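The values are calculated or read from the model by the stated rules, or taken from the named source; none is laboratory data. Computed from a predicted structure; not experimentally measured. Note: accessible area is taken over every heavy atom of the protein model, side chains too, but ligands, DNA and RNA are not part of it. Shrake-Rupley method; radii C 1.70, N 1.55, O 1.52, S 1.80 Å.
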Amino acid sequence: MESDKRKLTTLEIMKVFAGIVLTLAALYGVYSYIDWRIERKINNPEFIRKISSNIRPSVVFDSRQSIEIDLGAMQFIEKIEVIPSKDPRFPKKIVVSPKEYLAHAPFLTTLDETEFAIMVERGQKFDWVYHLAISEYLGNIKKTRFRLEIVK
């Protein structure tokens, strides 16, 4: 009788141990599956584009009013008007017309070897007007490129 109790106890211990192992294996499987799904999602180019357009929306355009790269900013901007100076490579004014009210002026920088002194003011409706004056010009360029970042 005593040996039957001992076998039963050993069998019960093995069942509990097997249950623990199966539970841990199931948890590891669920964790691995979730990790795989997250990894697949964050490496998706569409997902990266969507995140970047909401975090730091920006646009690269040139002095000919051509949009070269849209990183999400054009969803907020109706149009960008570049008003040339005597030399069409260097604008004297840029008017940014947002689709809705922006509390802060979008951040404008130049991407080429030309440096501008930039003064910004509010224009008509939701417009932001950038007045540009060349402070330094290096190199031989055919157009000036700008980066405009929406500040939210």
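What do you get for the angle between helix 45-55 and the principal long axis of the chain? Use alpha-carbon atoms, 0 to 90 degrees, nearest ten.
Result, in degrees: 60.
What accessible area per residue comes out for the chain, rounded to a whole number of Å², with a 1.4 Å probe?
Numbers: 10990 Å² over 152 residues.
Per residue, the chain has 72 Å² of solvent-accessible surface.
Taking springs between alpha-carbon atoms closer than 10 angstrom, which of ARG49, ARG89, ARG40 fluctuates most in the Gaussian network model of the chain?
ARG40
Quick one: among ALA103, ALA26, ALA117, which has the greatest mean-square fluctuation in a GNM of the chain with alpha-carbon springs under 10 angstrom?
With Cα springs under 10 Å in the chain, the top fluctuation among ALA103, ALA26, ALA117 is at ALA26.
Taking springs between alpha-carbon atoms closer than 10 angstrom, which of GLY123, GLY29, GLY19 fluctuates most in the Gaussian network model of the chain?
Checking each option, the largest mean-square fluctuation is seen for GLY19.
What pairs from LYS86/LYS152; LYS41/LYS99; LYS93/LYS143; LYS99/LYS152; LYS41/LYS79 go past 25 Å between their alpha carbons? If you can, show how the numbers build up before the last one.
On the way: LYS86/LYS152 34 Å; LYS41/LYS99 30 Å; LYS93/LYS143 15 Å; LYS99/LYS152 14 Å; LYS41/LYS79 33 Å.
Long pairs (Cα-Cα over 25 Å): LYS86/LYS152; LYS41/LYS99; LYS41/LYS79.
Note down the relative contact order for the chain as a percent, whole number, built from C-alpha pairs under 8 angstrom at least six residues apart. If you can, show how the numbers build up before the last one.
Numbers: 228 pairs, mean separation 32.0, N = 152.
Once normalised by length, the contact order is 21 percent.
Full extension from ILE38 to GLU68: what is 0.36 nm times the residue separation minus their Cα-Cα distance, to one decimal in nm?
Difference between extended and current length: 7.6 nm.
Compute the helix-to-body angle for 2-42: its Cα long axis versus the longest principal axis of the chain, expressed 0 to 90° and rounded to tens.
Approximately 10 degrees, to the nearest 10.
Would you grab the residues whose amide H sits under 5 Å from the one on ILE83? Only those 5+ places off in sequence or on another chain, please, with H modelled 1.01 Å from N.
LYS92, LYS93, ILE94, VAL95
Name the long-range amide H neighbours of ASP62: under 5 Å, sequence gap of 5 or more, or other chain; modelled H, no Pro or chain starts.
Answer set, sorted by chain and number: GLU68, PHE146.
For HIS131, HIS104, give the ranking by accessible area with the largest first, probe 1.4 Å. Don't skip to the end; give the middle numbers.
Details: HIS131 60, HIS104 110 Å².
Highest to lowest solvent-accessible surface, that is HIS104, HIS131.
Rounded to whole Hz and in sequence order, give me ³J(HN,Hα) for the stretch 105-118 from the Karplus expression 6.51 cos²θ - 1.76 cosθ + 1.60, θ = phi - 60°, writing x for Gly and Pro.
Per residue, the Karplus-derived 3J(HN,Hα) values read 5, x, 7, 10, 9, 9, 9, 9, 7, 9, 10, 10, 8, 10 Hz.
Give me the Å³ per residue figure for the convex hull around the C-alpha atoms of the stretch 7-152. List each step's numbers first, then the result.
Details: hull volume 23.7 nm³, N = 146.
It is 163 Å³ per residue.
Between PHE47 and LEU22, what is 0.36 nm times their sequence separation minus the Cα-Cα distance? Round to one decimal in nm. Mind showing how you got there, number by number?
Details: separation 25, 0.36 × 25 = 9.00 nm, distance 3.52 nm.
Once the chain is fully extended between PHE47 and LEU22, it gains 5.5 nm.
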